[in-house]
Amino acid sequence: MRRWSSLNNFQVRAFAAAEHAGGIAPRSIQRRLSAARSFYEYLMREGHAKNNPALEVRAPRTKKRLPATLDADQMARLLDFRADDSLSTRDKAMMELFYSSGLRLSELVGLDISAVDLKDRTVRVLGKGNKTRIVPVGSHAVEALKRWLTEARRAHPAASPDWTPRTHSPCS
């Protein structure tokens, strides 16, 4: 009878390689190795093994998957909704800006209205690695932003000057 303690990392590595050669997906191999690591942690706690042979074995790398994207027709359908109240007007402006400028969600969420230059049709965003970039804003987004700002100013006349986007180019 074989003992659990007789298994070594070369055998575990051979197991992972055989799984990979047999067409098992890298994520499945990762899960199996994780299960083996957990099982050996249990055996070590119970005194049935002195080491964990799966600890140093790494699964094959998984391919980085690109996020699913919408085609132009799907995006048009998504943006085709009536903005008949203040929230839907705001949402439409955000969605148009998000789409037309190719912003990351974190960039959109952290955006200050003063970073939008309607005349120049650009927006200054703080992106990955705290890097600032200036990106173009599409005409539909500019119109949606103007509608939302007009409505917001009407609803909140005592709002701070931060509600005013740049209406002049910094070079003029």
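The values are calculated or read from the model by the stated rules, or taken from the named source; none is laboratory data. Treat the numbers as computed from the prediction; the structure is a model and nothing was measured. When we count neighbours, we look across all protein chains shown, and the Cβ atoms used for this are built from the backbone with ideal geometry, even at glycine. Calculation scope for accessible area: heavy atoms of the full protein, side chains included, ligands and nucleic acids excluded. Shrake-Rupley method; radii C 1.70, N 1.55, O 1.52, S 1.80 Å.
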For the range 1-157, the per residue accessible area (1.4 Å probe, Å²) is 72
Given (1) 42.2; (2) 13.0; (3) 17.7 as possible values of mean projected area of the Cα convex hull in nm², the one from the coordinates is (3)
Ordering ILE134, ILE24 by the accessible surface of their heavy atoms, 1.4 Å probe, largest first, yields ILE134, ILE24
With a Förster distance of 45 angstrom and the Cβ-Cβ distance between ASN130 and GLN11, calculated FRET efficiency to the nearest 0.05 equals 0.45
Asserting the computed 222 nm helical MRE of the chain (DSSP H runs at least 4 long, -39500 (n - 2.57) per run, divided by residue count, to nearest 500) equals -15000 deg cm²/dmol
For GLU107 the rounded accessible area (nearest 10 Å², probe 1.4 Å, non-protein molecules ignored) is 10
Sparse-neighbourhood loop hits (chymotrypsin sites (Phe, Trp or Tyr not before Pro), the range 47-122; DSSP loop; Cβ within 10 Å at most 14 others) -> PHE81
Share of accessible surface on carbon and sulfur in the chain, whole %, 1.4 Å probe and ligands ignored, is 55
Its Cα gyration tensor gives the range 53-109 an equivalent ellipsoid whose semi-axes in whole Å, largest first, are 39, 14, 10
Under a 1.4 Å probe, counting only protein heavy atoms, TRP4 has an accessible area in Å², nearest 10, of 140
In the chain, helical segments from DSSP H whose Cα atoms cover 15 Å or more along their own axis and that average at least -1.0 on the Kyte-Doolittle scale are 9-21, 26-46, 86-101, 139-155
Residue by residue through the range 124-131, the couplings from Karplus 6.51 cos²θ - 1.76 cosθ + 1.60 with θ = phi - 60°, in Hz, x for Gly and Pro, are 9, 10, 9, x, 4, x, 6, 9
